[in-house]
Structures are given as structure tokens and as C-alpha cells.
Amino acid sequence: MSRAVYRYVEHSIRHEPSGGVTYELFCIAPDCEEESAPQPGQEAAQDWALRHTGLNPGHDLFRRVFTDHSRVSRVE
């Protein structure tokens with residue numbers, strides 16, 4: 001017969017600054033599938049949306065996505 005011992009250890013999860021943040025915008029106008037692609041800065045993604053709306057009147061509603069990285073660490 002074998003026995004197992006389980007040890008529960010508390011962990012935390014936090015934003016990892018070295019991973020950076022990416023910004024994306026997706027046009028949600030009907031029949032439009034245009035997107036900004038991941039951008040390293042918020043301004044670049046916003047500039048894309050402004051250009052897209054300028055070229056496509058009525059395409060003025062976007063879904064914004066901010067992606068960051070997190071690190072899980074053992075709580076000591």
C-alpha cells in the first residue's frame with residue numbers, strides 16, 4: 001500500500017511588467033472583420049481606428065482588448 005501526502009501552498013498572481021501590454025481594436029460594424037492587429041502602444045491602435053472610421057463612414061464602434069502578462073508566485 002502506498003500513501004500520498006498533499007501539501008497545499010498558497011500562490012498569488014500579479015501583472016508582470018516585463019511581459020508588456022498589447023492593445024487591439026476590432027471594428028464591430030456589420031459585415032466588417034477589420035482589426036488593428038496587436039500593437040505595443042495604445043496610441044497606435046487608436047490611430048488605426050481613427051483611420052478606419054475615416055475611410056469607412058459608419059464604422060465607429062470598436063471592441064478594445066488589452067492583453068498583459070501575469071506571473072504566478074508562491075506566497076512565502
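The table below gives the values:
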read-out: Residue list for the range 19-38, restricted to those being more than 15 Å from the chain's Cα centre (by Cα) and of a type outside the set (Asp, Glu); value: CYS27, ILE28, ALA29, PRO30, CYS32
read-out: Close pairs (6 angstrom Cβ cut-off, 6 or more residues apart or separate chains): farther than 26 Å from ARG74 by Cβ and β-branched (Val, Ile, Thr) in the range 1-28, modelled with pLDDT of 95 or more and open to solvent by 90 Å² or more (accessible area, probe 1.4 Å) anywhere; value: ILE28/LEU61; ILE28/ARG63
read-out: Checklist (1) open to solvent by 100 Å² or more (accessible area, probe 1.4 Å); (2) of a type in the set (Gly, Ala, Ser); (3) at pLDDT 95 or above applied to ALA29, failing item; value: (1)
read-out: The range 53-76 residues that are more than 29 Å from HIS15 (Cα to Cα), paired with ones that are among the hydroxyl-bearing types (Ser, Thr, Tyr) (beta carbon under 6 Å, 6 or more apart); value: HIS59/THR53; ASP60/THR53
read-out: Scope the range 39-67; condition in a loop (DSSP other than H, G, I, E, B) and under 20 Å from the mean Cα position of the chain (by Cα); matching residues; value: PRO40, GLY41, LEU61
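Residue-by-condition table, conditions (1) surrounded by 12 or more Cβ atoms within 10 Å (Cβ to Cβ); (2) at positive phi; (3) modelled with pLDDT of 95 or more:
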{"residue": "VAL5", "(1), (2), (3)": "no, no, no"}
{"residue": "ILE13", "(1), (2), (3)": "no, no, yes"}
{"residue": "GLY19", "(1), (2), (3)": "yes, no, no"}
{"residue": "GLU34", "(1), (2), (3)": "yes, no, yes"}
{"residue": "ALA45", "(1), (2), (3)": "yes, no, yes"}
{"residue": "GLY54", "(1), (2), (3)": "no, no, yes"}
{"residue": "HIS59", "(1), (2), (3)": "yes, no, yes"}
{"residue": "SER70", "(1), (2), (3)": "no, no, yes"}
{"residue": "GLU76", "(1), (2), (3)": "no, no, no"}
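The values are calculated or read from the model by the stated rules, or taken from the named source; none is laboratory data. These numbers were taken from a predicted model, which means no experiment stands behind them. Don't worry about glycine lacking a Cβ; one is built from the backbone with ideal geometry, like all the others, and counts go over all protein chains shown. Please note that ligands, DNA and RNA were not included when accessible areas were found on the heavy atoms of the full protein model with its side chains. Shrake-Rupley method; radii C 1.70, N 1.55, O 1.52, S 1.80 Å.
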